[in-house]
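Accompanying notes for the structure given below.
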Amino acid sequence: MEKNNDIMIDVDNVSMRFNLGIEKGFSLKQGFINLFDPKKRKEKKKNKKKNEFWALKDVSFKVKRGEVIGFIGSNGAGKSTLLKVIAGVMKPTKGHVDCYGNICPMIELGAGFDPQLTARENIYLNGAVMGYPKELIDSKFDEIVEFSELREFLDVPVQNFSSGMVARLAFSIATIVEPEILIVDEILAVGDIAFQAKSEAKMMSMINGGTTVLYVSHSLTQVKKICDKVIWIEHGIVQKVGGKEVCDDYLKYIENK
């Protein structure tokens, strides 16, 4: 596909299917019986179809360079799944995503940490997971530590950290470079109030620097504050795409449920 210089992300008819069924009581004997029993095979096929769950259904949209897109919707609507597909963490069942730029996905902060290693060791480990060379981590080490405010805990195993401390460390590592595309999933809601303000200021700095941002939040106030465009997803289907007024439409939907 030829790149349009204004387009950073192109999501084209993306669908994502999961199988929620768990085979219970399976044995080789049962499998052998099922093999020669048409009724059992038909029942198994029916159950497999019944247990299918489509987290996303034919989702399409484009994101322009420098846009800040907010994603809203109920719990389980498919927002986080969509971000994981865009980030390349998941492969869609149907459709495809094209991204034109380096991506920093802040979806599950601390997911790349080893709890038995110290904060110091995890800075290098998590940095490597995110694709940062050791030389970059060396040059940014003090900056990471200062931002996280965890200098006195550098040699403490992460398993002894609170969830807020883990979030502070992970966010500090993830934001040492300013990516072209930033994917944020509710991370501004973690940590204490002071850190939330600090992380929001950091993200706003990236936005002002021209970074394209995809932002998921249940805080409609936050979405209205920082987003140019809003995409409302419900039951895996895009309901509306537009400006901040989409938040009001979603709120009316919730109130009338």
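For region 46-74, the tally of residues that are closer than 13 Å to ASP185 by Cβ and assigned to a loop (DSSP other than H, G, I, E, B) stands at 1. The residue of region 148-199 that is nearest to GLU108 (Cα to Cα), among those that are among the hydroxyl-bearing types (Ser, Thr, Tyr) and out of contact with any helix residue (DSSP H, G or I) (no Cβ under 6 Å at 6 or more places or on another chain), is SER163. Filtered by the rule that a residue be part of a loop (DSSP other than H, G, I, E, B), of a type outside the set (D, E, K, R) and under 17 Å from LYS198 (Cβ atoms), region 146-164 gives LEU150, SER162. Annotation note: of LEU117, LEU154, LEU125, the sole residue that is aliphatic (A, V, I, L, M), modelled with pLDDT under 95 and on the phi < 0 side of the Ramachandran plot is LEU125.
Filter region 222-235 for residues that are out of contact with any helix residue (DSSP H, G or I) (no Cβ under 8 Å at 6 or more places or on another chain) and surrounded by 16 or more Cβ atoms within 10 Å (Cβ to Cβ); which is farthest from LYS62 (Cα to Cα)? Give the steps one after another, and end with the answer.
Taking region 222-235 first, the residues out of contact with any helix residue (DSSP H, G or I) (no Cβ under 8 Å at 6 or more places or on another chain) are 225, 227-229, 235.
Restricting the remaining residues to those that are surrounded by 16 or more Cβ atoms within 10 Å (Cβ to Cβ) gives 227, 229.
Working: CYS227: 15, LYS229: 11 Å.
This residue is CYS227.
Only one of GLU178, GLU152 is over 30 Å from ASP10 (Cα atoms) and free of Cβ contacts under 8 Å to residues at least 40 places away in the same chain. Can you tell me which?
Numbers: GLU178 fails: over 30 Å from ASP10 (Cα atoms).
Of the residues listed, the single one that is over 30 Å from ASP10 (Cα atoms) and free of Cβ contacts under 8 Å to residues at least 40 places away in the same chain is GLU152.
Of the residues making up region 193-207, one or more are touching a Phe, Trp or Tyr at 6+ places or on another chain (Cβ under 7 Å) and modelled with pLDDT under 85. For region 151-167, the set of residues classified as surrounded by 13 or more Cβ atoms within 10 Å (Cβ to Cβ) and not small (Gly, Ala, Ser) consists of PHE153, LEU154, VAL156, PRO157, VAL158, PHE161, MET165, VAL166, listed by residue number. Summed over region 114-123, residues that are touching a residue at least 12 places away in the same chain (Cβ under 8 Å) and in a helix (DSSP H, G or I) total 4.
Scanning region 181-205 for residues that are touching a strand residue (DSSP E or B) at 6+ places or on another chain (Cβ under 8 Å) and surrounded by fewer than 19 Cβ atoms within 10 Å (Cβ to Cβ) turns up just one, GLU186.
Scanning region 128-149 for residues that are under 23 Å from the mean Cα position of the chain (by Cα), closer than 16 Å to GLU178 by Cα and in contact (Cβ under 8 Å) with a residue 12 or more places away in the chain yields a count of 4.
Among residues of region 240-257 being surrounded by 14 or more Cβ atoms within 10 Å (Cβ to Cβ) and free of Cβ contacts under 8 Å to residues at least 24 places away in the same chain, the one that is farthest from VAL63 (Cα to Cα) is TYR253. Within region 87-113, restricting attention to residues that are in contact with a Pro (Cβ under 8 Å, 6 or more places away or on another chain) and touching a residue at least 40 places away in the same chain (Cβ under 8 Å), the residue that is surrounded by the most Cβ atoms within 10 Å (Cβ to Cβ) is CYS104.
The values are calculated or read from the model by the stated rules, or taken from the named source; none is laboratory data. For clarity, every value in this text was computed on a predicted model and none was experimentally measured. Note that each Cβ is placed from the backbone with ideal geometry, even for glycine, and that neighbours are counted across all protein chains shown.
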